[in-house]
Every structure is written in structure tokens, then in C-alpha cells.
Amino acid sequence: MTAAPAIWPQPDGTVVSCLEKLKTLKENHAELAQVMQDAFEDAMLIGVDEAAMRGILLDMVQALQNPKRRRAAE
């Protein structure tokens, strides 16, 4: 699994510096990495094609919705 990024850039180019926010981001990164790895391993054991599963996971990332953009459109 990959380590959490050293910096988390904000839209204005500055980096997140609040320690509590950084802790949350690091924890979320670790949890998501583990869930994705578990799902990937399950798919491999079930017999799903590796390239297909990677594509499915990428599609899921591409489908994520930004809650700030969604609220602005309402």
C-alpha cells in the first residue's frame, strides 16, 4: 500500500496545515487503502480479471462527486 501524501494541496495552492485535518486525511487514506486492497484481493480470489478490476476501481474514483460543487448547483 502507498503512504499518505506528504502534502495535501488546497485549490488556492496552499497546503493543509491544521494538525487535526492532517490527522483525519491520513486516517482516511489508510482506511481507504485497506478497503481497496481487500476488495481487490477478494476480486482476484473470486477470479475477476486484474485489469478489469483496476478499471472498475478507477471508474469508481472518476464517479466521485465533489459535495461543494453539488451544493453550489442547487
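Every read-out reported here was derived from the displayed coordinates using simple, explicitly stated rules and does not represent laboratory data. Please read these numbers as outputs of a predicted model, since none were measured by experiment. All Cβ positions, glycine included, derive from the backbone under ideal geometry; neighbour counts span all protein chains shown.
Values for this structure:
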{"read-out": "Selection from the range 15-51 of residues that are within 18 Å of the chain's Cα centre (by Cα) and more than 13 Å from residue 5 (Cα to Cα)", "value": "21, 31, 32, 34, 35, 36, 37, 38, 39, 40, 41"}
{"read-out": "Selection status of residue 50, more than 21 Å from residue 64 (Cβ to Cβ) and of a type in the set (Asp, Glu)", "value": "yes"}
{"read-out": "Tally, over the range 1-26, of residues that are among the hydrophobic types (A, V, I, L, M, F, W, C) and within 29 Å of residue 39 (Cα to Cα)", "value": "8"}
{"read-out": "Residues that are of a type outside the set (Gly, Ala, Ser) and either in contact with a helix residue (DSSP H, G or I) (Cβ under 6 Å, 6 or more places away or on another chain) or outside any helix (DSSP H, G or I) (or both), drawn from the range 42-59", "value": "48, 49, 53"}
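Yes/no matrix, rows are residues, columns are (1) touching a strand residue (DSSP E or B) at 6+ places or on another chain (Cβ under 7 Å); (2) part of a helix (DSSP H, G or I); (3) surrounded by 10 or more Cβ atoms within 10 Å (Cβ to Cβ); (4) touching a residue at least 60 places away in the same chain (Cβ under 8 Å):
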| residue | (1), (2), (3), (4) |
| --- | --- |
| 2 | no, no, no, no |
| 6 | no, no, no, no |
| 22 | no, yes, yes, no |
| 27 | no, yes, yes, no |
| 34 | no, yes, yes, no |
| 40 | no, yes, yes, no |
| 61 | no, yes, no, no |
| 65 | no, no, no, no |
